[in-house]
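What follows is a short report on a single structure.
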Amino acid sequence: MKLLIVNSGSSSIKFQLLAMEKENVLASGLVERIGETLGYIKCTFFPDTEQERKVEQEEPVANHHAGMLRVIELLCDPKKGIIADTKEINGVGHRVVHGGEDFHQTTLINDAVVKAIEKNIPLAPLHNPPNLDGIRVARELFPDAPQVAVFDTAFHQSMPSCAFLYALPRELYEKHRVRRYGFHGTSHAYVAAECAKLLGKKLADCNLVTVHLGNGSSMTAIKQGKSVDTTLGMTPLEGLVMGTRCGDVDPALHLFLQQNLGFDLPAIDHMLNKESGLKGLCGMNDLRDIHQAVAAGDIWAEHALDVLCYRNRKYLASFLAVLGHTDAIVFTAGIGENDPVVRRESLQGLHNFGIVLDEELNQKRSRTARCISAATSKVKVFVIPTNEELAIARETARLVEG
Ligand code: AMP
């Protein structure tokens, strides 16, 4: 079974073609700067193997339709491509950011599903419209292949009302669905399933805290295999300190900024999403740069690292309280997989909760899943590389196989 996985953003399409028998990636690439004067297209065939080949081009890509056509041309190129015909593609899996309360799981796409995703546009005005563009184009270009929507929010629909309700006038929830939804669900679900395998248990028997630390970050409390709380809220801004996003702030901040500093709402929105987080504190959002700056004595780089790890620690402890017994903590994504300092500092002072890191294992570099806690640690700590494309492909395969 060959599956095409599509992540369609406002000016980009990321894609992967996988052969599901051995879960091999046949091709992986992206189309960027869609709609700009000069677009950029990159495709790697058989990535991470000895036969790896790359195609890179700069050319105008007018819209998502044109972008997807170029992807098909590359995949089906008689000389360089790897499939003869689009009919070889047995299914298309789409990443969709917001399923609101309509989608609790991965869903086969039909007209009603498209309508429901459209209905949720107010909850993700920047993401759902380009996700829908990708779905519409793929339905047109692959009319015979089942299309599947995998939602970032679906995994968290199991949260109880005490975790998802904001303490606001209840009409806001009842009439307008203002509540906490959570995101990164595909990643949290994937690493949780991988962690259960490492623990030798069924996922339904595991209590876990999954810590996705990348440019966007979130932490999820998973009880008996189900999400019971997560740090991102109605939008992907709440909770942890992120690359350029602020995470938790006092909601009255908006009023202060408007009344005293002359900010309007779009300026506040821009600042909280694009100019805050690590970047806001120290001007850098890549941890590798921040560590270098700390070593060179940059005090604001040090503050940024401290605020990041302190917030992680605070949420970790609160999620341990939510779960009671916890089998394991899992670090994943760019920072979680690669930064031993952030992992160590985020677990600092949690000995009383039964968490003991093995610093030698923590420092070891590896691209594979591994345990980094000491043998005496009651709660195991793992680093598990996330793979959202594979997670979407597995979900898609499940529905295509029916
Ligand atoms: P992601 O959004 O999961 O791709 O994560 C991207 C972030 O991971 C970057 O902004 C860096 O802060 C961080 N990152 C990536 N590689 C490393 C590394 N080797 N050491 C520390 N942080 C890293």
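The values are calculated or read from the model by the stated rules, or taken from the named source; none is laboratory data. The structure presented is a predicted model; accordingly, all values stated were derived computationally and were not measured. Neighbour counts are summed over all protein chains in view; Cβ atoms, including those assigned to glycine, are modelled from backbone coordinates with ideal geometry. Quick note on the areas: whole protein, heavy atoms, side chains included, nothing else; ligands and nucleic acids left out. Shrake-Rupley method; radii C 1.70, N 1.55, O 1.52, S 1.80 Å.
Could you grab the pairs with beta carbons closer than 7 Å, sequence gap of 6+ or different chains, first residue in the stretch 314-343 and more than 8 Å from the ligand (Cβ to nearest atom) and open to solvent by less than 10 Å² (accessible area, probe 1.4 Å), second one part of a strand (DSSP E or B) and among the basic types (Lys, Arg)?
Leu323/Lys223; Ala328/Lys380
Looking at the stretch 367-378, is at least one residue under 16 Å from Met219 (Cα atoms), of a type outside the set (Lys, Arg) and either open to solvent by 20 Å² or more (accessible area, probe 1.4 Å) or in contact with a Phe, Trp or Tyr (Cβ under 7 Å, 6 or more places away or on another chain) (or both)? Lay out the reasoning, then the answer.
Of the stretch 367-378, the ones under 16 Å from Met219 (Cα atoms) are none.
Checked the stretch 367-378: no residue is under 16 Å from Met219 (Cα atoms), of a type outside the set (Lys, Arg) and either open to solvent by 20 Å² or more (accessible area, probe 1.4 Å) or in contact with a Phe, Trp or Tyr (Cβ under 7 Å, 6 or more places away or on another chain) (or both).
Restricting the stretch 103-141 to residues that are in a loop (DSSP other than H, G, I, E, B) and not aliphatic (A, V, I, L, M), which is nearest to Gly67 (Cα to Cα)?
His127
Could you say whether any residue in the stretch 352-364 is within 16 Å of the ligand (Cβ to nearest atom) and either of a type in the set (A, V, I, L, M) or crowded, with 16+ Cβ neighbours inside 10 Å (or both)?
Checked against the condition, which is being within 16 Å of the ligand (Cβ to nearest atom) and either of a type in the set (A, V, I, L, M) or crowded, with 16+ Cβ neighbours inside 10 Å (or both), the stretch 352-364 yields at least one hit.
Please verify whether Arg311 is within 16 Å of the ligand (Cβ to nearest atom) and in contact with a Gly (Cβ under 7 Å, 6 or more places away or on another chain), treating the condition exactly as stated.
So Arg311 passes the test.
Quick one: in the stretch 166-221, of everything that is within 16 Å of the ligand (Cβ to nearest atom) and part of a loop (DSSP other than H, G, I, E, B), which residue is most open to solvent (accessible area, probe 1.4 Å)?
The selected residue is Asn215.
Tell me, yes or no, whether the stretch 311-321 has at least one residue that is of a type in the set (Lys, Arg), part of a helix (DSSP H, G or I), in contact with a helix residue (DSSP H, G or I) (Cβ under 7 Å, 6 or more places away or on another chain) and within 24 Å of Leu208 (Cα to Cα).
We begin by selecting, within the stretch 311-321, every residue of a type in the set (Lys, Arg); these are 311, 313-314.
Going one step further and asking which of them are part of a helix (DSSP H, G or I), we end up with 311, 313-314.
Keeping just the survivors that are in contact with a helix residue (DSSP H, G or I) (Cβ under 7 Å, 6 or more places away or on another chain) gives 313.
So of that shortlist, the ones also within 24 Å of Leu208 (Cα to Cα) come out as 313.
Among the residues of the stretch 311-321, at least one is of a type in the set (Lys, Arg), part of a helix (DSSP H, G or I), in contact with a helix residue (DSSP H, G or I) (Cβ under 7 Å, 6 or more places away or on another chain) and within 24 Å of Leu208 (Cα to Cα), which makes the answer yes.
Starting from the stretch 139-154, take each residue that is over 15 Å from Gln105 (Cβ atoms) and list its partners that are basic (Lys, Arg) and open to solvent by 10 Å² or more (accessible area, probe 1.4 Å), counting only C-beta distances under 6 angstrom and pairs at least six apart or across chains.
Taking only residues 6 or more apart or on different chains, the pairs are Gln147/Arg139.
Does Asp111 satisfy being open to solvent by 30 Å² or more (accessible area, probe 1.4 Å), under 24 Å from Val25 (Cα atoms) and not hydroxyl-bearing (Ser, Thr, Tyr)?
For Asp111, the condition - open to solvent by 30 Å² or more (accessible area, probe 1.4 Å), under 24 Å from Val25 (Cα atoms) and not hydroxyl-bearing (Ser, Thr, Tyr) - is not met.
Examine the stretch 349-356 for a residue that is within 15 Å of Leu198 (Cβ to Cβ), β-branched (Val, Ile, Thr) and free of Cβ contacts under 8 Å to residues at least 60 places away in the same chain, and state whether such a residue exists. Give the steps one after another, and end with the answer.
Of all residues in the stretch 349-356, those within 15 Å of Leu198 (Cβ to Cβ) come to none.
For the stretch 349-356, residues within 15 Å of Leu198 (Cβ to Cβ), β-branched (Val, Ile, Thr) and free of Cβ contacts under 8 Å to residues at least 60 places away in the same chain: absent.
Tell me yes or no: at least one residue of the stretch 142-165 is in a loop (DSSP other than H, G, I, E, B), surrounded by 19 or more Cβ atoms within 10 Å (Cβ to Cβ) and charged (D, E, K, R). Write out each step before concluding.
So in the stretch 142-165, the residues in a loop (DSSP other than H, G, I, E, B) come out as 142-146, 152-153, 159-160, 165.
The next check asks that each one be surrounded by 19 or more Cβ atoms within 10 Å (Cβ to Cβ); those that pass are 142, 145, 152-153, 159.
Subset that is charged (D, E, K, R): 152.
Within the stretch 142-165 (the criterion being in a loop (DSSP other than H, G, I, E, B), surrounded by 19 or more Cβ atoms within 10 Å (Cβ to Cβ) and charged (D, E, K, R)), the answer is yes, since at least one residue qualifies.
Testing Thr37 on (1) assigned to a loop (DSSP other than H, G, I, E, B); (2) of a type in the set (Ser, Thr, Tyr); (3) surrounded by 12 or more Cβ atoms within 10 Å (Cβ to Cβ), one condition comes back false. Which one is that?
Every condition holds for Thr37 apart from (3).
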